[in-house]
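Some notes on the structure that comes next.
The values are calculated or read from the model by the stated rules, or taken from the named source; none is laboratory data. Values in this document were obtained by computation on a predicted structure and should not be read as measured data. Please note: Cβ atoms are built from the backbone with ideal geometry, for glycine as well, and neighbour counts cover all protein chains shown.
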Amino acid sequence: MGCDGGTIPKRHELVKGPKKVEKVDKNAALAARWKYCALSTEKLRRPIVTCDLGRLYNKDAVIEFLLDKSADRPNSEVVSHLRGIKDIKELNLTDNPAWEGERRNTKGDRYEDMHCAMFICPVVGLEMNGKHRFCFLRTCGCVFSDRALKEVKTEICHKCGDPFKEEDLVVLNGTKEEVEKLRKIMEEKRAKAKATKKIQTPPKPFLQRAKLQQKMAKTAASQSLDPLVLPAPPRWSNPWQHPEAWRNPGARGPSSPWKRSRRPTNLSSPATVQPSAPKPRRPTGLPTPPTTSK
Ligand SMILES: [Zn+2]
């Protein structure tokens, strides 16, 4: 039963055990969330945006997704809660002066330090590399470390000076529990917004009626007329539209006092009428008026 050479195989050499689950380095996975876009998995580069759940994305990747949500792309479940551009917030990040950018390792001959982050906390200088908790403000989008917010109690943003409240703070790349909490807050906020919108917006027919009334009142005010007795529009503004016009080109439509009263008086005088004045344009589709020879 032995192999050649008289060796005796052991059980683990013959029996296949369950597949070993590939262990992902926990630190590397955490660091990756701060370095790569959650949607496109490309390296994060400005402009960087976040959502109500505190994930980091490249803005162009999110916009591409929003423009065509139906397209089949990987990782789309990460952004399924985004309805439009209003659901993302551009982050105001602070560059890490120690970060040398991508050019440092173009040859690939240098050790890439996983913990050298692109951004830091503007208050205490902690690097945004996944080792420390970071938050952003819903109001202005500025990003700070949790430590800065705990150490320096403030009601205005450290970076831009905008006032904020406790509930405007959102943790970036939080734990599973924190993300669930944020999702709950987001859903409550959306339900509330929907309810208030329903109350504030009156039904459409009512709106249209109100608009019309407003317009009528405005017209009446500009012409200093009673809004209830608005002048009737001219019935035959174009003489050729009158059914009798083709029979007698000299005859204009039924006289319209409304129009005549607004016509300049000198036009009605025959002396000012130019003989070469162009004839009024006849609308197509009507019989040709008989030409009168002089
Ligand atoms: Zn700010």
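Brief remarks on what is shown
- Cross-chain or 6+ apart pairs with Cβ under 9 Å, the stretch 125-137 first and within 16 Å of the ligand (Cβ to nearest atom), then acidic (D, E) and part of a loop (DSSP other than H, G, I, E, B): L137/D162
- As a summary of the residue check, L39 satisfies the conditions (1) under 22 Å from R133 (Cβ atoms); (2) modelled with pLDDT of 85 or more except for the one numbered (1).
- V143 away from the ligand (no atom under 13 Å from the Cβ) and either among the aromatic types (F, W, Y) or under 28 Å from the mean Cα position of the chain (by Cα) (or both): no
- Condition broken by K150, with the remaining ones in (1) away from the ligand (no atom under 16 Å from the Cβ); (2) farther than 28 Å from K189 by Cβ; (3) modelled with pLDDT of 85 or more satisfied: (2)
- Residue, surrounded by the fewest Cβ atoms within 10 Å (Cβ to Cβ), within the stretch 21-71, restricted to residues that are without any contact (Cβ under 8 Å) to a residue 60 or more places away in the chain and part of a strand (DSSP E or B): K43
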